[in-house]
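Since the structure comes first, as structure tokens, the remarks are kept for the end.
The values are calculated or read from the model by the stated rules, or taken from the named source; none is laboratory data. Fair warning: this is a prediction, and the values are worked out from it, not measured in the lab. Using ideal geometry, Cβ is built from the backbone for each residue, glycine included, and neighbour counts are taken over all protein chains shown.
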Amino acid sequence: MFESIVHNIVEIVSQLGYAGIVIMMFLESTFFPFPSEVVMIPAGMLASTGEMNIYVVIILGVTGSVLGALFNFFLALKFGRVIVLKFGKFFFFREQEMQRMEAFFHKHGAVSTFTGRLIPGVRQYISLPAGLAKMNIGVFAIFTALGSGIWSAVLALIGFYIGNDLEALHTALVWTLIAVGILIIVYYIRHKMKQKSI
């Protein structure tokens, strides 16, 4: 079953091509709960077979991430905290998560938009407090690109060096999917428990 899921993921990335990398990494950097691991690792694997170029894969992964981060940044900058929370609730992003992101941003300052890109559960939302704080857009874009570059390169190179070893690729993606699934379940249960306590 898991091998079938992994095979389908690789096929989807292959069919969507380079544009698909940008689109899916854009979604991963916004509110949409889409794990970058299931995009960049298969793309790296496809690069190892010659179907894609590893440098282009990484560059487009960064491009999609930066565009998604800018979406969140301008959403917060132009519409403010209240609208962000109203929009975010459709994706289970609520007050508690916003407070956590704001605390992280205020504790670490502008550099948090770099370091935050390397932390699962933070990288998707660190753009929001940056936008609310009206951080310099140039500095924000540079830090975001650097952090996204490291993350995208690591994932793509994992796939690249796994190469044609489909068993190893399956193992890497299966554990990624399991981890993401567990995080989603834990997050959902925690979210429901918080709602009941209110």
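Take the range 138-159 and flag every residue that is at pLDDT 90 or above, crowded, with 22+ Cβ neighbours inside 10 Å and hydrophobic (A, V, I, L, M, F, W, C).
PHE140, PHE143, ALA156
Answer yes or no as to whether THR113 is at pLDDT 90 or above and under 16 Å from VAL62 (Cβ atoms).
Spelling it out, it is not the case that THR113 is at pLDDT 90 or above and under 16 Å from VAL62 (Cβ atoms).
Restricting to the range 17-45, name every residue that is over 27 Å from LEU128 (Cβ atoms) and surrounded by fewer than 22 Cβ atoms within 10 Å (Cβ to Cβ).
Answer for the range 17-45, where residues must be over 27 Å from LEU128 (Cβ atoms) and surrounded by fewer than 22 Cβ atoms within 10 Å (Cβ to Cβ): GLY17, TYR18.
Residue under question is GLY80, and the condition is that it be of a type outside the set (Asp, Glu) and on the phi > 0 side of the Ramachandran plot; does it hold? Steps first, please.
Details: of a type outside the set (Asp, Glu): yes; on the phi > 0 side of the Ramachandran plot: yes.
It is true that GLY80 is of a type outside the set (Asp, Glu) and on the phi > 0 side of the Ramachandran plot.
List the residue pairs whose Cβ atoms are under 7 Å apart, where the first residue sits in the range 150-165 and is hydroxyl-bearing (Ser, Thr, Tyr), the second is buried (at least 19 other Cβ atoms within 10 Å of the Cβ) and at pLDDT 85 or above, and the two are 6 or more positions apart or on different chains.
Final answer for the pair search is SER152/MET40; SER152/ILE58; SER152/GLY61; SER152/VAL62; SER152/SER65.
Just the residues that are buried (at least 17 other Cβ atoms within 10 Å of the Cβ) and within 17 Å of PHE34 (Cβ to Cβ), please, taken from the range 98-121.
ARG117
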